[in-house]
Amino acid sequence: MNVTERVAYLRGLLEGMELDTDKKEGKVWKAVVSVLEEFVESITDLEQQNAALSEELDDIYEELSVIEENFLDDDDDEFFDDEDEPLYQVICPTCNEVIYMDDDLLSEGCIVCPACGEELEFDLSDLTDEDLAESIIESVENPQEDS
């Protein structure tokens, strides 16, 4: 028997005893059962809200799992876009803004940081694909200036 059923049973017992609710004892028992019924309502509402939040949380975990599968690779500095092209994470040395770039943007050799306007230059000559992500971060932290 759940709490709702038990309080309903107490209500039935109270009514079956035919207590005079105009007397002190009858008033007390009627008030106690009334308070218990309010508790049951509150508990039922909380259980429903908890179930709804739990479902929403499960949905969020599922969506996060899909995002992780689609965008994250074993290398923390490399992500993938919708076409499975690698995206490289670069941190601006001036403002520490995280910038994501694909191969086309990297091949241009330089970009302007969208946060602070600092020009970031990349020297990608003589790099293999394996060295690319690691070297990009190093070159951004120590940009080479053209003379």
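The values are calculated or read from the model by the stated rules, or taken from the named source; none is laboratory data. Keep in mind it's a predicted model, so treat the numbers as computed, not measured. Cβ coordinates were reconstructed from backbone atoms using ideal geometry, including for glycine residues, and neighbour counts include every protein chain displayed. What goes into the accessible areas is simple: the full protein's heavy atoms, side chains included, and nothing from ligands, DNA or RNA. Shrake-Rupley method; radii C 1.70, N 1.55, O 1.52, S 1.80 Å.
So, in the stretch 93-109, of the ones that are outside any loop (DSSP other than H, G, I, E, B) and open to solvent by 50 Å² or more (accessible area, probe 1.4 Å), which residue ends up modelled with the highest pLDDT?
Our first condition is that a residue be outside any loop (DSSP other than H, G, I, E, B); within the stretch 93-109, this holds for 98-101, 103-107.
Now restrict to residues that are open to solvent by 50 Å² or more (accessible area, probe 1.4 Å): 98, 100, 103-105, 107.
Numbers: V98: 86, Y100: 82, D103: 77, D104: 79, L105: 79, S107: 77.
This residue is V98.
With respect to D74, determine if the residue is modelled with pLDDT under 90, more than 26 Å from the chain's Cα centre (by Cα) and part of a loop (DSSP other than H, G, I, E, B).
Answer is no for this residue.
Looking only at the stretch 1-29, which residues are open to solvent by less than 100 Å² (accessible area, probe 1.4 Å), in contact with a helix residue (DSSP H, G or I) (Cβ under 7 Å, 6 or more places away or on another chain) and assigned to a helix (DSSP H, G or I)?
The first filter runs over the stretch 1-29 and keeps only residues open to solvent by less than 100 Å² (accessible area, probe 1.4 Å), leaving 2-5, 7-8, 10-14, 16, 19-21, 26, 28.
Next, only the ones that are in contact with a helix residue (DSSP H, G or I) (Cβ under 7 Å, 6 or more places away or on another chain) stay: 3-4, 7, 10-11, 14, 19-21.
Within the stretch 1-29, V3, T4, V7, L10, R11, L14 qualify.
Could you list, in sequence order, all residues of the stretch 1-38 that are hydrophobic (A, V, I, L, M, F, W, C) and in contact (Cβ under 8 Å) with a residue 24 or more places away in the chain? Even if it seems obvious, please write down each step before you answer.
Of all residues in the stretch 1-38, those hydrophobic (A, V, I, L, M, F, W, C) come to 1, 3, 7-8, 10, 13-14, 17, 19, 28-29, 31-33, 35-36.
Scanning the stretch 1-38 gives V3, V7, L10, V33, L36.
Hey, does the stretch 49-68 have a residue that's surrounded by 12 or more Cβ atoms within 10 Å (Cβ to Cβ), out of contact with any Cys (no Cβ under 9 Å at 6 or more places or on another chain) and at pLDDT 60 or above?
The answer is no; no qualifying residue exists.
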